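**Q** Here it is: the structure, laid out below.
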Amino acid sequence: MILGGSTDGDSNRARKSWSKRESLGIEARRLDPNPIITFGPGDLEGVCLPHNDALLIRARVANYDMRRVFGDSGSSVNVIFQEAFEQIDLQGCEIHPVKTSLYGFAGHTVRRRGEVWLPITLGSGDIKKTVMALFTVVEAPSSYNIILGRPALNAFMVFASAYHQKIKFPVGNQVGEVKGDQHSSRRCYADTIRVDNKRARGKERRDDPQQEEVCTVEELKEEYEEVEVMPGQPGRIARMARGLEPALAEQLKTCLAQNADVFSWSPKELTGVPAHLAEHKLNILPGSRPVKQKKRHFGAEKDRVIAEQVRELLEAGHVKEVQFPSWLSNVVLVPKSTGKWRMCMDFRDLNKVCPKDCYPLPQIDQLVDSTSGYELLCFMDAYQRYHQIPLAKEDQDKEPHIKG
């Protein structure tokens with residue numbers, strides 16, 4: 001249910017005037033005779049039964065074929081979402097600003113960019129109908145591209161049947177119809193559920209971050225078991241999935257023990273990749289000015305974590321102290337699934353002045369095909385992987401430095 005909008009006026013005075021006119025003068029207008037519209041067993045052809053799918057159709061909007069169009073008789077306005085609006089070329093279409101807010105059935109407001117008149121066509125072949133409809137451009141995430149509210153549905157005189165997955169409407173003395181797209185309907189439903197779940201988890205994490213971390217750690221303990229890679233040396237353990245066959249689990253433990261020398265357990269043990277094999281280089285655009293961010297405050301606990309990780313990097317020789325840097329950025333602490341913190345750098349200012357790689361990854365389908373025929377898949381957690389490939393000496397003065 002979407003309420004509000006400027007259908008009956010964009011101000012309180014306009015809405016009051018509209019309400020008075022409607023209450024004082026209700027006349028029965030004689031309309032031209034329309035053909036009889038019915039739904040029968042023949043309309044179920046191609047429909048997957050039983051189903052509980054929403055009725056999503058295709059329509060032609062401003063000379064563009066638009067999918068994921070939802071006919072909603074509970075909406076008081078026609079809605080086109082910002083992402084879909086930007087993908088169609090509407091040069092010359094003026095967006096009129098509006099003041100009235102939109103409200104969902106839960107009472108939350110939705111940000112509106114404005115309103116625009118667009119032609120919309122339903123039907124196919126010679127039996128189709130076009131009307132001009134007023135759309136509200138909404139800046140909100142949605143699985144749909146367009147919501148056809150009561151204004152457009154009434155303008156088309158639509159008769160809809162969700163069970164038959166079809167809408168019908170009069171076109172002169174004929175009946176036009178549009179079939180629903182069940183596949184898109186189910187995809188939209190799945191996408192909406194996934195987005196809502198992510199939003200709910202994010203809200204729970206913000207409300208009680210400690211509770212989220214504790215739950216995540218407990219879940220990991222149930223899924224994995226700890227294995228001593230080097231017996232007799234505490235702390236040097238690896239995680240292995242539970243529920244493996246005993247023979248396979250023993251084989252993996254033996255493989256880890258035989259190759260224990262390839263693992264590193266602290267920054268000091270990381271020898272790094274030699275510069276002649278691989279090194280990072282920064283291709284900063286000529287004429288770019290260095291950016292120095294203002295110092296951020298993280299709190300006592302995060303300051304302690306930052307100081308500890310910086311000390312480890314200094315002792316390992318991965319970073320060095322600079323007194324007068326040309327670039328200056330803050331660190332960012334990201335919570336890990338284990339409940340610990342990962343210290344990252346805010347490279348956004350630096351990335352803005354570096355050219356973008358149009359093809360950063362190889363052909364993914366070829367990489368996937370190369371795994372065909374293998375029975376085991378290993379995920380390697382590269383410890384301190386960000387510090388193992390050195391930065392070119394000529395670019396080290398351009399890298400953002402840690403404040404503190």
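The values are calculated or read from the model by the stated rules, or taken from the named source; none is laboratory data. Just so it is clear, the structure is predicted and the values come from calculations on it, not from any experiment. Using ideal geometry, Cβ is built from the backbone for each residue, glycine included, and neighbour counts are taken over all protein chains shown. The area values use the complete protein model at the heavy-atom level, side chains included, leaving out ligands, DNA and RNA. Shrake-Rupley method; radii C 1.70, N 1.55, O 1.52, S 1.80 Å.
**Q** Out of the residues in the stretch 260-278 meeting the condition of being open to solvent by 70 Å² or more (accessible area, probe 1.4 Å) and either without any contact (Cβ under 8 Å) to a residue 12 or more places away in the chain or under 31 Å from the mean Cα position of the chain (by Cα) (or both), tell me which one is farthest from Val319 (Cα to Cα).
**A** Looking at the filtered set, the residue picked out is Asp261.
**Q** Among the listed residues Gln309, Gln293, which satisfies the condition of being more than 29 Å from Ser266 (Cβ to Cβ), surrounded by 12 or more Cβ atoms within 10 Å (Cβ to Cβ) and touching a strand residue (DSSP E or B) at 6+ places or on another chain (Cβ under 7 Å)?
**A** Every option except Gln293 fails the conditions.
**Q** Across the stretch 279-304, what is the total count of residues that are over 30 Å from the mean Cα position of the chain (by Cα) and assigned to a helix (DSSP H, G or I)?
**A** Number of matching residues: 4.
**Q** Quick check on my filter: what residues within the stretch 109-130 are closer than 19 Å to Pro35 by Cα and either part of a loop (DSSP other than H, G, I, E, B) or touching a helix residue (DSSP H, G or I) at 6+ places or on another chain (Cβ under 9 Å) (or both)?
**A** Leu122, Gly125, Asp126, Lys129
Okay, residues lined up against (1) surrounded by 19 or more Cβ atoms within 10 Å (Cβ to Cβ); (2) under 17 Å from Ala59 (Cβ atoms):
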residue	(1), (2)
Arg150	no, yes
Asn154	no, yes
Val158	yes, yes
Gln165	yes, yes
Phe169	yes, yes
Gly176	yes, yes
Gln182	no, yes
Arg187	no, no
Ala190	no, no
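**Q** Out of all the residues in the stretch 78-95, is one or more modelled with pLDDT of 85 or more, in a strand (DSSP E or B), touching a strand residue (DSSP E or B) at 6+ places or on another chain (Cβ under 9 Å) and open to solvent by 40 Å² or more (accessible area, probe 1.4 Å)?
**A** No: zero hits.
**Q** Let me ask something else about it. Would you mind finding the one in Val353, Val322 that is closer than 30 Å to His276 by Cα, modelled with pLDDT of 85 or more and surrounded by 10 or more Cβ atoms within 10 Å (Cβ to Cβ)?
**A** Val353
**Q** If you don't mind, there's one more thing I want to ask. Could you please let me know if Ser143 is outside any loop (DSSP other than H, G, I, E, B), open to solvent by less than 30 Å² (accessible area, probe 1.4 Å) and within 20 Å of Ala54 (Cβ to Cβ)?
**A** Answer is no for this residue.
**Q** Starting from the stretch 157-181, keep only residues that are under 26 Å from Pro50 (Cβ atoms), then list their pairs with residues that are among the acidic types (Asp, Glu) and in a strand (DSSP E or B) whose Cβ atoms are within a distance under 6 Å, requiring at least 6 positions of separation or different chains.
**A** If the second residue must be among the acidic types (Asp, Glu) and in a strand (DSSP E or B), the pairs left are Lys166/Glu177; Lys168/Glu177.
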